[in-house]
Every structure is written in C-alpha cells, then in structure tokens.
Amino acid sequence: MKIRLTLIVVLLAAGVPLLHAQAPGARQTPPRIGYAYPAGGKQGTTFRMSVGGQYLEGITEAQFFGAGISARVVDYLHPTSQKEIDVLKVELEKLQEKRKAIRQGLMGQGSPETPRPVWTPEDEKRGDEIRQKMGFRINRQTAPAICEAVVLEVTIAPNAEPGDREIRLLNPNGLSNPLLFQVGQLAEFSETAAFPNTMAPEGRNPDNPKPVSVSPERIVTLPAVVNGQIMPGERDRIRFSATKGQKLVIAVCARALIPYLADAVPGWFQATLALQDAKGHELAYDDDFRFSPDPVLYYEIRADGEYVIEIKDSIYRGRQDFIYRISVGELPFITNLFPLGGRVGEKTAVEIHGWNLPAAKMLMDATGRAPGNFLLSVPRNNLSSNQVAFALDVGPEVVEAASNDDVAHAQKLTLSVIANGRIEKPGDRDFFSFEGRAGDEIVAEVFARRLNSPLDSILQVTDAQGKQVAVNDDNEDKAAGLTTHHADSRIALKLPADGVYYIQLSDTQHQGGPEFSYRLHVGPPRPDFELRVAPSSINVRGGAHVPVTVFALRKDGFAGEIELGLRDSSRAFGLSGARIPAGQDKIRFTLTTPATPRDEAYPVTFVGRAMVGGKTVGRQAVPTEDMMQAFAYRHLVPSKEMKVQVIGRSGGGVPKSALRLVDRTPLKIPVGGTAKFDVAVQLGKTFEAIQVELSEPPEGVSIQESDEGPGVMTVVFAADAAKVKAGQQGNLILMATGERANAAEKKEDKAKKKTGVRRIPLSALPAISYEIVAP
C-alpha cells in the first residue's frame, strides 16, 4: 500500500460533517439556512413558512427551541437547470396545445367509450407549477447561499411561551445552523413570499422584479404583526385605520432577526420607517432607535382615518433575506430603565420609562438569581412588552448624587462599588472620588451601551492636582456579539501615589437625557473568564472526532489555564486536547461522538474550570455562531443551545480504526526544528493513497513528508523560528483523506496514462497537544 503525506492547510470550519465514503455525487455538506419567512407566528395558529438557504435537499424535519411548536415539510424548491427547463417547456407546450384544441373544438365530440377531453383544475395547477419552476433561476440578485428554499407548515400551540426561539433544519447530512424565530400574541399579516413556492402560486419572480418600486398596499387591522421581504429598490406600504387619541407604537424587527449578512454593507438590512396620513403627508420617520439599527416610532393619532406605514432599506438594497416583522398597535414598550441593575439577593425599585406602560415603577426581586444580565418585560392588557436587559452584581451599589457635576462636589466612593447614574442633559458630567495608595490596582468600567443605554461614555481619571492619569473612550467586549459600536469605557491602572483620585464620566458626543443611564463599577480587579463555543450545530459520523473551537474571554488580568469538560448529560462524548493554555484566548480541540447514530440531536454543554484567586471557578460555555459582517468583521453571536447531530456510523464503507494515534504524549517541537509523530494506518485495499492535512494550524507550525513504515505513518512537524517562540502551546488537528480511482480511471492506469483521483474525507484524528520548546 502506498502512503503519501502532503502539506495542505485546510480552512475547515468546526462542525462541517466528517463523512466517509459515499456514492459518487452524494452531497456531504449539511444544510445551511439564511432566512426564515415569516420569522414568527401567533400562538394557536398554523401557517406556511419558507426557509431559504443552501444544501436543503432532503430536509426531513424542522426543530424549534422550546416547547409548543411543530412543523412538517411541504415542499423543496431549488433553481431550475437548463435541462429541467427544456423538459418543462415540452410539457407546457403539450398543455397549451390541449387547451387550445379544446377551445377550438378540435378534440371531437367524444363517446361513452372515449369521453371528450376537458381542461381540469389539475391542468391549470400544473401549468402554474411549470411556469414557477421555469422562472426559478439564480440571477445576480440571488445569492447562492439562499438560492434554495424549504416550505414548512408550522403549528404553534395556544400555550406556547411567547418570545424568541430558534429554528434548525435536518436532512441526512446533518443539522443546520440556527435562526431566530418569534412566537407572538398578535394577529399576523404576511405578504407573498419572494420565492415562488406552493404557499404562494402568484409569488414574485426575482428574475422579473415589479416594474414599480412601491409594492401593493396591504390592509391590516390593529393590533398586528406585519411580515414582509424587501426586494431591490422596493418600498412596502401597510394601510390601517386608527381613531383619534390612539397611542401607537410601531416597532421593526429586521436586524434583530438576522444580525449579520456576510456579503452586504453595512452587514444587515438597515430599515427605515415612515408613518403617513391618507394623503401621503409624512407624520413621523425613523431610521434607527437610538443606537439600534431597527427603527421604532411612537405617535398619538390626531384624527380618525386611514394611515400608511412605509418601510424600505435605507439605500434601496434588497433580496429574499431582507425580512422584517413590524409590531403595530397600542402596545407596551419599554424605552429605558433606571437603575440599569441591582444587587443579587436584594429588591431594587426600578423606574420604567416608555409608552403604554401599566406603571412607572416596579420592584425587581433578585432573590435566588445569579449574577449576570437577564431580560425584563412588563405586561399590559395580557400583552407583554419588549424585553430589556437588567444587570445583577454581587457588590454594594449606590445611586449618584444629584450635585456631582464638578470636582468640588465629586461623590465619594468606598471601593469596591457600583454607582448607578445618568448623564441627565447635554454637556452634563458626573464626578466621583476615591482614596488609594501607591501601587493599588484599580478598574473603572462603564456598563451602559451593553444594557441598551444610548450613552457613548468617556472616562477620565485625574489625581488631586488635576493631572490626568488615565482616559478611555471605547473598550471592546467580545462577549457582546450583537454590538458593533463598543461604546462603553474601561480603565485599568496602577495608582502612582497615595492620595485622592477623581473619575469624570461624560458622553463623548456631549449628549444627555433621562435615558442616558449607566452603571460604573470602581474597585480592585475582579479576575474572571467567560467561554464561547462555536459552532452551535455540529454534524459528525458516529464514533468519529470533530474539531470544536472555544474562546476564552478573560477579565481583569486573569491569565490562568482553563480545563474544559462536559456536563453530566454529555457523558456519551469524549474530549481530546480540551485545555486552554495559560494566557491564550482560543483553542481548537476534538469532540469524540458516540458510535451509534440516532435521529435526535444530542444537547451538549461545555464547561470550563480554572483556579481564580485561589478558588476553583466554573463557567458554562455559551454556544455561538461565528458570523461575518460585511465581508470583514467577525462576531460571536449567542445561540439558545448547542446540538450535536450524529449522522451515521464512522465506518461508512471505510474499515474501522483506519487511522489512530500511536502515542498521546504531548508533542514537543523545538524552535527552528522538527519533531516526529506516529499515526497507525489500517486501511486494507480501500484506497491507493492517504493524505493527512493540518487543519487551521498555528502560525509557524507545518508538516513535512516523512519515512513510511508497515502500518505506520510518521508525521514530521516543523516550527519556523521566525514565527514561533518557546513556551507556545496548543493543539494540532490532523484531517485524513483517502484517495482512490474509479473503474474508468483504473483502466487508464493499466494503460499507463495519467489520471486524476477521487479524494474522500475520512475523519479528524484526536487533537494532538504540542508545546514549542527551546532549541
């Protein structure tokens, strides 16, 4: 048997299914979904929904997060090939000839034995289906990533919990990524889907956009949720009747439904919202809500009559994944809170500001709750308001003094503490003071934008003589995956001398108002960490190994090692290389799956443990999707849960134990040198050759071709002295690929002609821990 080793760097995203030998032409890529339309529905209803994406053939199931939602697959739609179009043309021509002959009386009078042909509803339906399929073709307005669609019939139970859920699709190749799906309480209205499909025979054809940019007006009855899609250059108009004195909230969900578009600038559907009277006069307009890209309007109706809502993209872009949900009616809506948080285990009196709210204050009981952010809403007339973030912490809390507008009246703080305050008007500045000693480490951090406050903070620290010691405007928080402008400030410093220090907090844009709230934490560092794991859907063969990525979000100087593990419910799985070395923010390790596949996906929970301040601290990893925005920027967007779909046995036509590690001892590679590693090979006569590829290797580490021996592949790893340094640690993940020729190619081989080979992905090997050592 010939064994060949080739250096190939594979940019293989964690979670791509590691499949074994399949029939030629078999699709191996799991489904990927880009939008769901409509992206929600009302409790107690059944409706049709189109889910657009790629690799959607053979979808058998839709899975929803949480109870009370079910769905069945109705149809699968894909771009029609020219060959299919030619066949459809012939069928359509025969139908047209039949109809013409019937109309012209050319089909004869018929007889009892041979009845006269008639044009049936089935003929009409088939003709419509053929025209739709012939018009369903990829064009410059249709991105390949959303060129297919699955039609679902979705049923939401009357008692289904309202709020945000997720949907995933399943086919034999695995489970898709998740998308947001909302369960609502209002009547829903949906325009015709932009894809031609069985739920909309008269559906719009992306190849033949409407000649006018304004879509036909839809008439709705309030309160309601209106669903729609914006195609290029299009404006949607929604007409409704209202009476004098009604206090309407019109809130758009667009960017909230699909937070990032990889191939669009600015990277999401930037909706604009206008309210007009029956004569077309504009009454209100918004293109965002404070810093959120999704606009919200509040308007008190001044006269009985008809009104129109108009929505479009700010720069007239559009395609099938430019979807929206508009909630409109006398709905409760929270615009801001004060304070933005409270202390764990205590009750906090909270001011609630907004529209159509049941009360101006509420008592937030944090008894039994853990530190962190949770979502708060209030009910009115059996309708829930929007949800807003409320933060809980463990330390003492104070409210800023009303007079702390200059250094002379700075509010004295006893560390460690959280000060809850507001920048109450444009140009306002809040001052705080604290005493410290030389060498003390102090952290001052603002939590505002991360809690939905419009404040764009700036922090300055000065000494008693007014000399600036530190300043910060923006500080990026990778845990805030939905934030694109990290406007919260953070300062970490070592005090240069004993004495009094002053903190000045203001808005960098010189804005202010009752909604410009903040939480300012001042005190010694609180070392800690958070974990994010990606992707949130993993597809893998039974008994195989799959790469997984975990990100360590380190806080306040914590740099220790983090051991990764699985919760009890995940004991069917194994981990290799599940350790984040000290000082590192990311690791790729391998997850080993159960040998026996099952139809239901496994819920898997990763946890991390580390020594922090002499104590063992455990943190649960948040499942995320590593999403790209506007061709360049990446964000860790949280998901509701992580699922692992085991889609088949690892054999799949390949002998068991095809490749395995001979030694699990951590590999030590000298700077500028090489190190050998043995891999056992037992493939029999299945393949002519084997390739081993290094998946997403660390910079400066590569593999070289090496000597071959019976049943053993010796891999030689090299470390480039210019790109690595002693002490560097991590994992190396090898991906195996088998090569074999088909029958025709084998005949050519016998004739001694050059031929290509089929490369078949086999599996990842367990992660190999490594360390770079001195020469």
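Quick check: is even one residue across the range 67-76 surrounded by fewer than 19 Cβ atoms within 10 Å (Cβ to Cβ), assigned to a loop (DSSP other than H, G, I, E, B), at pLDDT below 95 and under 30 Å from the mean Cα position of the chain (by Cα)? No, the range 67-76 has no match at all. Hey, can you tell me all the residues within the range 295-316 that are open to solvent by less than 40 Å² (accessible area, probe 1.4 Å) and of a type outside the set (A, V, I, L, M, F, W, C)? Answer for the range 295-316, where residues must be open to solvent by less than 40 Å² (accessible area, probe 1.4 Å) and of a type outside the set (A, V, I, L, M, F, W, C): Pro295, Tyr299, Gly305, Tyr307, Glu310, Lys312, Asp313.
Any residue at all in the range 552-574 that's open to solvent by 60 Å² or more (accessible area, probe 1.4 Å), among the hydrophobic types (A, V, I, L, M, F, W, C) and closer than 30 Å to Ile442 by Cβ? Scanning the range 552-574, I find no residue that is open to solvent by 60 Å² or more (accessible area, probe 1.4 Å), among the hydrophobic types (A, V, I, L, M, F, W, C) and closer than 30 Å to Ile442 by Cβ, so the answer is no. Taking the condition open to solvent by less than 20 Å² (accessible area, probe 1.4 Å), within 30 Å of Asp556 (Cα to Cα) and under 18 Å from the mean Cα position of the chain (by Cα), does Thr605 pass? Spelling it out, it is not the case that Thr605 is open to solvent by less than 20 Å² (accessible area, probe 1.4 Å), within 30 Å of Asp556 (Cα to Cα) and under 18 Å from the mean Cα position of the chain (by Cα).
None of Gly25, Gly44 is surrounded by fewer than 17 Cβ atoms within 10 Å (Cβ to Cβ), assigned to a loop (DSSP other than H, G, I, E, B) and modelled with pLDDT of 95 or more except Gly44. Looking only at residues that are farther than 15 Å from Gln504 by Cα and touching a residue at least 24 places away in the same chain (Cβ under 8 Å) in the range 463-477, which one is surrounded by the fewest Cβ atoms within 10 Å (Cβ to Cβ)? Of everything passing the filter in the range 463-477, Asn475 is surrounded by the fewest Cβ atoms within 10 Å (Cβ to Cβ).
Looking only at the range 176-191, decide whether some residue is in contact with a Phe, Trp or Tyr (Cβ under 8 Å, 6 or more places away or on another chain) and modelled with pLDDT under 95. So far as the range 176-191 goes, yes, one or more of its residues are in contact with a Phe, Trp or Tyr (Cβ under 8 Å, 6 or more places away or on another chain) and modelled with pLDDT under 95. If you check Leu520 against the conditions, is it under 19 Å from Asn336 (Cβ atoms), at pLDDT 95 or above and either assigned to a strand (DSSP E or B) or in contact with a Ser or Thr (Cβ under 8 Å, 6 or more places away or on another chain) (or both)? In short, yes.
Only residues that are within 19 Å of Lys279 (Cβ to Cβ) and in a loop (DSSP other than H, G, I, E, B) were counted across the range 217-245, and they come to 3.
The rows are residues; the columns are (1) without any contact (Cβ under 8 Å) to a residue 24 or more places away in the chain; (2) hydroxyl-bearing (Ser, Thr, Tyr).
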{"site": "Gly280", "(1), (2)": "no, no"}
{"site": "Tyr285", "(1), (2)": "yes, yes"}
{"site": "Arg290", "(1), (2)": "no, no"}
{"site": "Tyr298", "(1), (2)": "no, yes"}
{"site": "Arg302", "(1), (2)": "no, no"}
{"site": "Gly305", "(1), (2)": "no, no"}
{"site": "Ile309", "(1), (2)": "no, no"}
{"site": "Phe322", "(1), (2)": "no, no"}
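Select from the range 478-502 the residues that are at pLDDT below 95, open to solvent by 40 Å² or more (accessible area, probe 1.4 Å) and hydroxyl-bearing (Ser, Thr, Tyr) and list them in ascending order. Scanning the range 478-502 gives a single hit, Thr484. Being of a type outside the set (Lys, Arg), in contact with a Ser or Thr (Cβ under 6 Å, 6 or more places away or on another chain) and either modelled with pLDDT under 95 or within 30 Å of Gly267 (Cα to Cα) (or both): is that true of Ser457 here? Yes, satisfied.
The residue that is farthest from the chain's Cα centre (by Cα), counting only those in the range 174-186 that are buried (at least 23 other Cβ atoms within 10 Å of the Cβ) and not in a strand (DSSP E or B), is Ser176. Select from the range 252-285 the residues that are of a type in the set (A, V, I, L, M) and farther than 17 Å from Val296 by Cα and list them in ascending order. If the condition is that a residue be of a type in the set (A, V, I, L, M) and farther than 17 Å from Val296 by Cα, then Ile258, Leu261, Ala262, Ala264, Val265, Ala278 are the ones that fit. Meeting the requirement of 3 or more residues that are in contact (Cβ under 8 Å) with a residue 40 or more places away in the chain and touching a strand residue (DSSP E or B) at 6+ places or on another chain (Cβ under 8 Å), the strands (runs of 3 or more DSSP E) wholly within the range 556-637 are 562-566, 586-592, 606-612, 615-620, 622-629. Is it the case that some residue within the range 395-403 is closer than 30 Å to Ile301 by Cβ and either surrounded by 14 or more Cβ atoms within 10 Å (Cβ to Cβ) or in contact with a Lys or Arg (Cβ under 7 Å, 6 or more places away or on another chain) (or both)? The answer is no; no qualifying residue exists.
Residues satisfying the criterion are present in the range 329-349 (criterion: part of a strand (DSSP E or B), open to solvent by 50 Å² or more (accessible area, probe 1.4 Å), under 19 Å from Ser453 (Cα atoms) and aliphatic (A, V, I, L, M)).
The values are calculated or read from the model by the stated rules, or taken from the named source; none is laboratory data. Keep in mind the model is a prediction, meaning the values are calculated, not measured. No Cβ is skipped: glycine too gets one built from the backbone with ideal geometry, and neighbour counts run over all protein chains shown. When the accessible area is computed, the model is the full protein with side chains, heavy atoms only, and any ligands, DNA or RNA have been set aside. Shrake-Rupley method; radii C 1.70, N 1.55, O 1.52, S 1.80 Å.
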